[in-house]
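A.B. asks: First the structure, then my questions, so here it is.
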Amino acid sequence: MNSPSPIRIALFLCDKPIATVQATDGDYTSIFNTLLRKSLPAGAGVEYVLDPYDVRETLQYPANIDDYRAIILTGSAASAYENFEWINRLVEYIRDVATNKPHTKLIGICFGHQIIARALGGECVPNDNWEISVTELQLTDIGKRLFGTDALNIHQMHRDHVPSVPPSFHLLGSTEITPNQGMVRLREAANPDDFKPEDVQIFAVQGHPEFTERIVTKIIDARQGTGAIGGDIAEDGKKRAALKNDGVDVVGDVIWRVIGVRSEAN
């Protein structure tokens, strides 16, 4: 009996981690591989391949997007509203996939969340405040249904944000600083009051499920060192970095369920 082909996922690299993070945790391909491996549902009986594409430096894209079950867009220190060639091309590409390849799941993380919003009728703008480290989200009814919990803790590292939900999307959760902490677009036939994770065509979160206490602490130290983040905000962020983080167990699990993978028990 032949083994099923591995699930192929395209990882769109929108930046590189800072040097101190790369020294301990590797590049974003390694970091997202860790997230996907740790959150892969037990007993799912599947293998996956994560293919990286550098959409920022080399404008690299898949030769055939139909080879992939999903696209994951990483975070970036860039701003999704900037008028750069690579950002404009990424926005157009995501708009085309969302419109013409609805079977390909789109998963946006932080900057990726913002790019998806810009591509599909929303906007990304600067915020007055930084939001960093482990933060609790106030979930909507749809968010509670999708995540299977009444509250969600996830690492944050952003100042730009998506102020409102684009047309055809449903809000997943909010914080005091960021009204749109996550959003989904469902397949056309899906009922928002009764849907399954695999009914989600597009899943985007402002937070970073792939981040850990070590990664976030290193980023905070670096941004505090350059003056981008003030001392009080940095110290508070470092204190919260060790709090309970649902990035792997909840958000990572939802990513796999959106892709169509679940444990044998479910």
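Values quoted throughout were computed directly from the atomic coordinates according to the rules given, and no laboratory measurement underlies them. Being a predicted model, the structure only gives us computed values, none of them experimental. Glycine gets a Cβ as well: all are built from the backbone with ideal geometry, and neighbour counts include every protein chain shown.
A.B. asks: What number do you get for the range 148-247 when its Cα radius of gyration is normalised by 2.2 N^0.38 Å, N = residues?
C.D. replies: Computed over Cα atoms of the range 148-247, the ratio equals 1.26.
A.B. asks: On average over all directions, what projected area in square nanometres does the range 1-131 have, based on the convex hull of its Cα atoms?
C.D. replies: Over all viewing directions, the range 1-131 projects a mean Cα-hull area of 10.1 nm².
A.B. asks: Mean separation of Cα pairs under 8 Å and 6+ residues apart, divided by the residue count of the range 97-233: what relative contact order is that in percent?
C.D. replies: Reported as a whole number, the value is 27 percent.
A.B. asks: I would also like to ask the following. Taking only complete DSSP H runs, can you tell me which helices of the chain stretch 15 Å or more along their own long axis by Cα positions and average at least -0.5 on the Kyte-Doolittle scale?
C.D. replies: Result, helices passing both filters: 28-39, 85-100, 213-226.
A.B. asks: Go through the range 131-220 and name the trypsin sites (Lys or Arg not before Pro) that are in a DSSP coil and have 13 or fewer other Cβ atoms within 10 Å of their Cβ.
C.D. replies: Taking the range 131-220 and a limit of 13 other Cβ atoms within 10 Å, the loop trypsin sites (Lys or Arg not before Pro) found are Arg187.
A.B. asks: Okay, moving on. Take the alpha carbon gyration tensor of the range 81-235, find the square roots of its eigenvalues, order them as a ≥ b ≥ c, and report rounded if a/c is under 1.5; if not, report prolate when a/b exceeds b/c, else oblate.
C.D. replies: Oblate is the answer for the range 81-235, as a/c is 1.5 or above yet b/c matches or exceeds a/b.
A.B. asks: For the chain, take every pair of Cα atoms, bin their distances at 5 Å starting from 0, and report each bin as a whole percent.
C.D. replies: In order of increasing distance, the bins hold 1, 6, 13, 18, 21, 19, 13, 6, 2, 1, 0, 0 percent.
A.B. asks: Same structure, new question: What GluC sites (Glu not before Pro) does the range 130-179 have in DSSP loop regions with at most 10 other beta carbons within 10 Å?
C.D. replies: Qualifying residues, ordered by number: Glu176.
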